[in-house]
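Heads up: the structure comes next, in structure tokens.
Readers should treat all values here as calculations from the given coordinates under stated rules, not as data from a laboratory. Small disclaimer: the values here were computed from a predicted structure and weren't measured. Here the Cβ is made from the backbone with ideal geometry for all residues, glycine too, and neighbour counts use every protein chain on show.
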Amino acid sequence: MDDSAPTRALEVLRQRLGGAPIDWALICGSGIGKGMVAEGSGLGLEIEWTLPLAELGLPAPTVAGHGQSLVYGRIGERRVCVQTGRIHPYEGHPISVCTAALAAMLECGARGVALTCAAGGLSPLLVPGELAIIRDQINLFGPTPLVGPRFIPCGALYTPAHRERLQARAAELGLGQGGRLREVVYAHVSGPQYETPAETEALRRLGGDTVGMSTTYEAILAAAHGASILGIAVVTNVAGVVGLSHAEVQERSDAALPGLAALLGGALAGDPAQG
Ligand code: HPA
């Protein structure tokens, strides 16, 4: 896979869209993608077409629980393009390849980006299984998709109005504590190994509430394109514990899917620009 991947992905997506707009790009994390676009999911996506990532010239995600396509359709009046699985830097690909599908969606006009992920809980307040709204991130140890002097501001990366809209929707759905979800700082680690107890403590002291191996570089790319951003983490486990496994992470993601899909279904029916 070489540097032509982003160009090819853009060409193929542009052709497939044939001028149709994208309001929202949605990226699905571990254990989330396939169920999210399945019939009857709370997302409520009316699917118009599905395009395997391979047709965009991209590698298939290798991580269990990740889908391998772009799915396009409508939620109410919004046009939504869903990447059902992620390509991570730890799978051996350059960051330009990992973000190529998102970059193509942004180039094709996506005005809002919704990021979902599984994450370990650093904060003792977080309970495995809960959904948390990402309010900020720490990308100090993660890759950036930006090259050159692109000094973009990251002072309000996760759009405050989207966070409020998610909270309102969570209250309607009865999710979280008293109808409110926790808002968290997501700390990025390169992975693929999980954290040691010492790393967990270091990330906690740096101000992280959750930890994961994705998401931050996508938020940076979305911000560089001027898109509004929302992020939701499924807290799948306590970080840094003995015996943690990807199977456990996937199980918790699966269990959280109905709530997550319903939450997103409401949020993505809204205007990405009103953020
Ligand atoms: N650490 C890093 N990434 C993760 C974790 C974790 O504990 N759980 C799910 N993704």
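Points worth noting:
- Which listed residue is hydroxyl-bearing (Ser, Thr, Tyr) and without any contact (Cβ under 8 Å) to a residue 40 or more places away in the chain, from Ser214, Ser253, Ser245, Ser228: Ser245
- Residues that are out of contact with any Lys or Arg (no Cβ under 6 Å at 6 or more places or on another chain), outside any helix (DSSP H, G or I) and under 21 Å from Gly92 (Cβ atoms) within segment 29-60 comprise Gly29, Ser30, Pro52, Leu58, Pro59, Ala60, listed in sequence order.
- Here Cys81 passes the criteria (1) within 16 Å of the ligand (Cβ to nearest atom); (2) within 15 Å of the chain's Cα centre (by Cα) except the one numbered (1).
- Restricting Ser96, Ser30 to those that are within 28 Å of Gly208 (Cα to Cα) and either aliphatic (A, V, I, L, M) or more than 15 Å from the chain's Cα centre (by Cα) (or both) reduces the list to Ser96.
- Against the numbered list (1) in contact with a Ser or Thr (Cβ under 7 Å, 6 or more places away or on another chain); (2) among the small types (Gly, Ala, Ser); (3) more than 16 Å from the ligand (Cβ to nearest atom), Ala118 comes up short only at (3).
- Residue check for Gly266: under 17 Å from Gly31 (Cβ atoms) and either surrounded by 17 or more Cβ atoms within 10 Å (Cβ to Cβ) or free of Cβ contacts under 8 Å to residues at least 40 places away in the same chain (or both): no
- Of the listed requirements (1) outside any strand (DSSP E or B); (2) out of contact with any helix residue (DSSP H, G or I) (no Cβ under 6 Å at 6 or more places or on another chain), Pro6 misses just one: (2).
- Scope segment 73-87; condition surrounded by 21 or more Cβ atoms within 10 Å (Cβ to Cβ) and not hydrophobic (A, V, I, L, M, F, W, C); matching residues: Gln83, Thr84, Gly85, Arg86
- The listed residues are Thr116, Thr99, and the only one of them that is crowded, with 24+ Cβ neighbours inside 10 Å, within 26 Å of Leu206 (Cβ to Cβ) and touching a Pro at 6+ places or on another chain (Cβ under 6 Å) turns out to be Thr99.
- Residue within segment 75-90 that is touching a Pro at 6+ places or on another chain (Cβ under 9 Å), touching a residue at least 40 places away in the same chain (Cβ under 8 Å) and in a helix (DSSP H, G or I) present: yes
- Taking helices (runs of 4 or more DSSP H) as the structural unit, those lying wholly within segment 159-275 and holding at least 2 residues that are within 15 Å of the ligand (Cβ to nearest atom) and out of contact with any strand residue (DSSP E or B) (no Cβ under 7 Å at 6 or more places or on another chain) correspond to 197-206, 246-268.
- Top-ranked residue of segment 61-74 - restricted to ones that are in a strand (DSSP E or B) and not basic (Lys, Arg), ranked as farthest from Ala273 (Cα to Cα): Ser69
- Test: residue in segment 103-112 that is hydrophobic (A, V, I, L, M, F, W, C) and within 16 Å of the ligand (Cβ to nearest atom): no
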